[in-house]
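What follows is one structure encoded as structure tokens, with my remarks underneath.
The values are calculated or read from the model by the stated rules, or taken from the named source; none is laboratory data. Remember, it's a predicted structure, so these values are computed and weren't measured experimentally. Every residue, glycine among them, receives a Cβ derived from its backbone with ideal geometry; neighbour counts consider all protein chains shown.
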Amino acid sequence: MYGHVETSLAWARHLLALRDLQAETGGFTEFVPLPFVHMEAPMYRHGRARKGPTFREAVIMHSVARLVLHPAIPNIQTSWVKMGPAGAAICLDSGANDLGGTLMNESISRAAGTQHGQEFPPDAMEALIRSIGREPQQRDTLYRSVPEERRAASFVAEELAPIVLTPPRKRVAA
């Protein structure tokens, strides 16, 4: 996560540290820059964080990550939950090569105030990928192609049950 309290210099240093750690360990399969969602985040509401990165900064983060981390970390994932489908498409045109997973009933980002994250079904995800001239490919967590029967099963999943967001309880002072 970035864009809450740190500076762009910290972002650059972090990317370089990740590249060095990858050279040492080879343990990362992807880098997922997650822009801070501020609207309902307690640290923002208490004045301890900024509003998160601008859209421009988020796109730049994906672009610079591709330049800094290639070829050590070959996959740069954009978060449609944080960026929205349209923003994720721009990131795919700006350095990212992974749209991430379908995610169902995501609650962390939505609780922080994002409008995305409820569901992004495989057919809509593939349509978005094709709309920018790319060929969609389902992968497993190690970026291997999935068997066709697994891919086919993802298109016939049951509808999601409605989300019930329980409001937080008030803390009682001790």
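Before moving on, here are some points about what is shown:
- Of all residues in region 35-49 being part of a loop (DSSP other than H, G, I, E, B) and touching a helix residue (DSSP H, G or I) at 6+ places or on another chain (Cβ under 6 Å), the one that is nearest to D140 (Cα to Cα): V37
- Considering residues of region 110-137 that are within 23 Å of G52 (Cα to Cα) and either in a helix (DSSP H, G or I) or small (G, A, S) (or both) only, the residue modelled with the highest pLDDT: G117
- Test set (1) crowded, with 17+ Cβ neighbours inside 10 Å; (2) under 30 Å from E119 (Cβ atoms) - D93 fails condition number: (1)
- Here the condition is being surrounded by 18 or more Cβ atoms within 10 Å (Cβ to Cβ) and in a helix (DSSP H, G or I); of A65, A23, A12, it holds for A65 alone.
- Counted residues, region 11-49 - those being of a type outside the set (A, V, I, L, M) and in contact with a Gly (Cβ under 7 Å, 6 or more places away or on another chain): 4
- Checking M39, M104, M83 one by one, the residue that is touching a strand residue (DSSP E or B) at 6+ places or on another chain (Cβ under 6 Å), modelled with pLDDT under 95 and of a type in the set (A, V, I, L, M, F, W, C) is M104 and no other.
- For region 79-94, the set of residues classified as closer than 18 Å to V37 by Cα and touching a residue at least 24 places away in the same chain (Cβ under 8 Å) consists of S79, W80, V81, K82, M83, G84, P85, G87, A88, C91, listed by residue number.
- Of residues in region 132-146 being among the polar types (S, T, N, Q) and within 17 Å of the chain's Cα centre (by Cα), the one surrounded by the most Cβ atoms within 10 Å (Cβ to Cβ): Q138
- As a summary of the residue check, F28 satisfies the conditions (1) over 23 Å from L142 (Cα atoms); (2) of a type in the set (A, V, I, L, M, F, W, C); (3) modelled with pLDDT of 95 or more except for the one numbered (1).
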